[in-house]
Amino acid sequence: MVDFPPLREELRGIAPYGAPQLDVPVQLNVNENPYGPSPACVDDIASSVVEAARTLNRYPDREFVALRAALADYLSRDARVTPEMVWAANGSNEVMLQLLQAFGGPGRTAVSFAPTYSMYPEYARDTSTRWVTGRREDDFSIDLEAARVLVAEERPSVVLLPSPNNPTGTALAPEVVTTLCEAVGESGVVVVDEAYGEFRRSGTPSALEQLSAYRNLVVTRTMSKAFAGAGLRLGYLAADPAICDAIRVVRLPYHLSAVTQAAALAALRHAPELLGKVDELRAERDRTVAWLRGEGFEVADSDANFCLFGTFGDRHAVWQGLLDRGVLIRETGPDGWLRVSIGTADEMAAFQDALLHVMKEMP
């Protein structure tokens, strides 16, 4: 008897990716920005989308020239970036998938260092790319010599390095990027995923600063987090123009709609305002880390808008206890750890109060 539908064997029995979407008072599980755009920004987005709607009978700008220029201008705060060095897609998820489509594939290997973003192995699976993970140290840093050895053994065509790392929040030291770019050489690409880059602590550099030195380096960003645009679905990268040209081979035609382009351009016009809450969220994160440590929890150093804390003998019981009190966080990362997104001051107070009650009731 033939199984139906005729799914690829390696996909059988696999559940789709996704964090719980539950209607609770305090939602701190998917690292969203708790502060929405201002009325002025909303009005600009709305009027821009109206203008785009007048031409929806036509295909959008396939090369999204205006958007690439605006993103390049934004990124040039950290390093010189030109429009030819920028690529964008529907969320950083699609950017990553396109990178694996272009540079991974059958007979090729992608490498990361666990714990790492849980979607990476899915990108590899979906593109028939072999997936290999090294291990991070106990403090979630990467041992440079072990990384060199792994690259020499596996000869990856793609190395995926989230910085700040999801789920731990730890940022990469610049020498990690340097070491891996040199170890991989031009037979592969090193992708530094800076989805949470705007939240990094003072003195923590961006990998954008190393783009001019390594043409095999790719730095990805998103408008989902610092720009409060999770519903916008706009991710992007900066890299050597040759890498952007290679991705154009695998992208779907007209993959960025006219509406998406218009909304993203409008949001970028309000960048100072949208990014204005980043400092506030950084401060709230640091207060949360200090409070958790003061209560005796172990907490990973975080340069992101979330923190990983533990450790628990039964983390699911703690997660459920918080949920029962109307606080949703994420059960992810290494065994025994939980991750909490940084919300408003009131939301973090509710989280702290709920966590203290749960811990008192634990056996």
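The values are calculated or read from the model by the stated rules, or taken from the named source; none is laboratory data. Please read all numbers here as calculations on a predicted model, not as lab measurements. Cβ placement follows ideal geometry from the backbone for every residue including glycine, while neighbour counts extend to all protein chains displayed.
Run down Arg200, Arg251, Arg233 and say which single residue is in contact with an Asp or Glu (Cβ under 6 Å, 6 or more places away or on another chain), basic (Lys, Arg) and surrounded by fewer than 21 Cβ atoms within 10 Å (Cβ to Cβ).
Going through Arg200, Arg251, Arg233 in turn, the sole match is Arg200.
State whether the residues of the stretch 289-305 include one that is touching a Cys at 6+ places or on another chain (Cβ under 6 Å) and in contact (Cβ under 8 Å) with a residue 40 or more places away in the chain.
no
Show me the helices (runs of 4 or more DSSP H) entirely contained within the stretch 247-363 in which 2 or more residues are within 30 Å of Arg58 (Cβ to Cβ) and of a type in the set (A, V, I, L, M).
Filter on the stretch 247-363 gives 258-269, 271-274.
Given the criterion within 26 Å of Asp139 (Cβ to Cβ) and hydroxyl-bearing (Ser, Thr, Tyr), identify the matching residue among Thr260, Thr344, Thr311.
On inspection, the qualifying residue turns out to be Thr311.
Go through (1) closer than 25 Å to Leu208 by Cβ; (2) hydroxyl-bearing (Ser, Thr, Tyr); (3) buried (at least 22 other Cβ atoms within 10 Å of the Cβ) for Ser157 and report which single condition fails.
The number of the failed condition is (3).
Show the residue pairs meeting these rules: Cβ distance below 7 Å; 6+ apart or different chains; first residue within the stretch 9-23 and assigned to a loop (DSSP other than H, G, I, E, B); second residue surrounded by 10 or more Cβ atoms within 10 Å (Cβ to Cβ).
The qualifying pairs are Tyr17/Met119; Tyr17/Glu122; Ala19/Asn29; Ala19/Val30; Ala19/Arg330; Pro20/Asn29; Pro20/Leu328; Leu22/Leu328.
Answer with yes or no whether Ser224 is touching a strand residue (DSSP E or B) at 6+ places or on another chain (Cβ under 7 Å), crowded, with 21+ Cβ neighbours inside 10 Å and either hydrophobic (A, V, I, L, M, F, W, C) or at pLDDT 95 or above (or both).
No, not satisfied.
Does the stretch 171-188 contain any residue that is out of contact with any strand residue (DSSP E or B) (no Cβ under 9 Å at 6 or more places or on another chain) and crowded, with 21+ Cβ neighbours inside 10 Å?
Yes, there is a match, as at least one residue in the stretch 171-188 is out of contact with any strand residue (DSSP E or B) (no Cβ under 9 Å at 6 or more places or on another chain) and crowded, with 21+ Cβ neighbours inside 10 Å.
Does any residue of the stretch 298-310 turn out to be farther than 20 Å from Ala171 by Cα, of a type outside the set (Lys, Arg) and surrounded by 14 or more Cβ atoms within 10 Å (Cβ to Cβ)?
Within the stretch 298-310 (the criterion being farther than 20 Å from Ala171 by Cα, of a type outside the set (Lys, Arg) and surrounded by 14 or more Cβ atoms within 10 Å (Cβ to Cβ)), the answer is no, since none of the residues qualifies.
Touching a helix residue (DSSP H, G or I) at 6+ places or on another chain (Cβ under 7 Å) and either closer than 27 Å to Gly203 by Cα or not assigned by TED's automatic domain parsing to the domain that holds Arg201 (or both): which single residue out of Arg315, Arg339, Arg325, Arg330 fits that description?
None of the other options fit; the residue is Arg325.
Can you tell me which residue in the stretch 203-221 is surrounded by the fewest Cβ atoms within 10 Å (Cβ to Cβ), limited to those that are of a type in the set (A, V, I, L, M, F, W, C) and part of a helix (DSSP H, G or I)?
Leu208
So which residues in the stretch 106-126 are in contact (Cβ under 8 Å) with a residue 40 or more places away in the chain, more than 17 Å from Gly235 (Cβ to Cβ), out of contact with any Asp or Glu (no Cβ under 9 Å at 6 or more places or on another chain) and surrounded by fewer than 20 Cβ atoms within 10 Å (Cβ to Cβ)?
Correct list: Arg108 only.
Can Val176 be described as within 26 Å of Asp286 (Cα to Cα), without any contact (Cβ under 8 Å) to a residue 60 or more places away in the chain and in contact with a Ser or Thr (Cβ under 9 Å, 6 or more places away or on another chain)?
yes
Can you pull out every residue in the stretch 128-159 that is hydrophobic (A, V, I, L, M, F, W, C) and touching a helix residue (DSSP H, G or I) at 6+ places or on another chain (Cβ under 8 Å)?
Residues satisfying the conditions are Trp131, Val132, Ile142, Leu144, Ala147, Val151, Ala152, Val158, Val159.
With Gly333, Gly326, Gly313 as the choices, which residue is on the phi > 0 side of the Ramachandran plot, among the small types (Gly, Ala, Ser) and surrounded by fewer than 16 Cβ atoms within 10 Å (Cβ to Cβ)?
When all the criteria are applied, what remains is Gly326.
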